[in-house]
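**Q** So that we are looking at the same thing, I have put the structure below in structure tokens.
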């Protein structure tokens, strides 16, 4: 049994979600995370994805509000660089396989929260390198509106972001968020839990740090081993 849950590589604590949780899914792609958390927890999800073509064939869900906008450090219009791999399209212009640039509307986190005057159960950030500017530009009051934040940092893809990722983690720590890095070698799955909530769940957080994390690591290792060991079988002595 684990205290944390993981959907599409993003870890969060179900115990922190309210009875009708409100979730912001920034970098929603085809709505995989949004759909799953809405189904499991009856969450209302605000799904932000600037490439509206990714949602063109998505089935409508009354629990999901889709907006064709990119979460950014400012509200306005910005260049958005499409990649051959749709999961790698980004506001940053140095990503892999970028082949086309379009202009998309963007919204800052503080402006987004003006539209939603309530506490947010979960913010999921998977915005291909733009997460650093979002977190560093947001006000303390804005960040404190979130009970938990699950982030895929992209310094593994953009090494120049390494110091900014450090600054993000330090900033949230200074605000009292407890942080848990779920992978050993990268920061692709980092969970931040607001101070008042973290104090009430100190045992669960310790368990996630030392048990859930290792259990998932063992699972990833075993899956890699099983893939390596899968080989086509041949009959060496055909009749």
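Every number here is computed from the coordinates shown, using simple stated rules; none is lab data. From a predicted model like this one, the values you see are computed outputs, not experimental measurements. Cβ placement follows ideal geometry from the backbone for every residue including glycine, while neighbour counts extend to all protein chains displayed.
**Q** Restricting the count to DSSP beta bridges whose residues both fall in region 5-229, what percent are antiparallel, rounded to a multiple of 5?
**A** Of those bridges, close to 50 percent are antiparallel.
**Q** Oh, and also: Residue 183 to residue 78: FRET efficiency via 1/(1 + (r/R0)^6), r the Cβ-Cβ distance, R0 41 Å, to the nearest 0.05?
**A** After rounding, the FRET efficiency stands at 0.90.
**Q** Moving to a separate point now. Just to verify a number: FRET efficiency for residue 3 and residue 93, C-beta to C-beta distance, R0 = 45 Å, to 0.05?
**A** Given R0 = 45 Å and the Cβ-Cβ separation, E is 0.70.
**Q** For region 1-75 and region 176-193, write down the distance between their C-alpha centroids in whole Å.
**A** Here the two parts' Cα centres lie 19 Å apart.
**Q** A further question on this structure: For Cα pairs less than 8 Å apart in space and 6+ apart in sequence, what is the mean separation divided by the residue count of region 5-229, i.e. the relative contact order in percent?
**A** The normalised contact order for region 5-229 reaches 17 percent.
**Q** Report relative contact order for region 1-75 in percent, whole number only (criteria: Cα-Cα under 8 Å, sequence separation at least 6).
**A** 27 percent
**Q** In what sequence, highest mean first, do 97-103, 30-36, 85-91 appear when ranked by Cβ atoms within 10 angstrom?
**A** In decreasing order of mean packing, 97-103, 30-36, 85-91 become 30-36, 85-91, 97-103.
**Q** For the chain, what is the mean residue ellipticity at 222 nm derived from helices alone (per DSSP H run of n ≥ 4: -39500 (n - 2.57); sum divided by total residues; nearest 500 deg cm²/dmol)?
**A** -8000 deg cm²/dmol
**Q** For the chain, modelled as a Gaussian network with Cα springs under 10 Å, which listed residue fluctuates most, 71, 175, 17?
**A** Checking each option, the largest mean-square fluctuation is seen for 175.
**Q** Given 0.36 nm per residue, what is the gain on full extension from residue 62 to residue 203 after removing their alpha carbon distance, in nm?
**A** Length gained, residue 62 through residue 203: 47.2 nm.
**Q** With only alpha-carbon atoms in the gyration tensor, what are the semi-axes of the equivalent ellipsoid for the chain, in Å, largest first?
**A** Each semi-axis is the square root of five times an eigenvalue, giving 29, 25, 19 Å.
**Q** Still on this structure, please answer the following. Taking the Cβ of each residue in 124, 200 as the centre, tally the other Cβ atoms inside 10 Å and list the residues starting with the fewest.
**A** Exposure proxy ranking, most exposed first: 200, 124.
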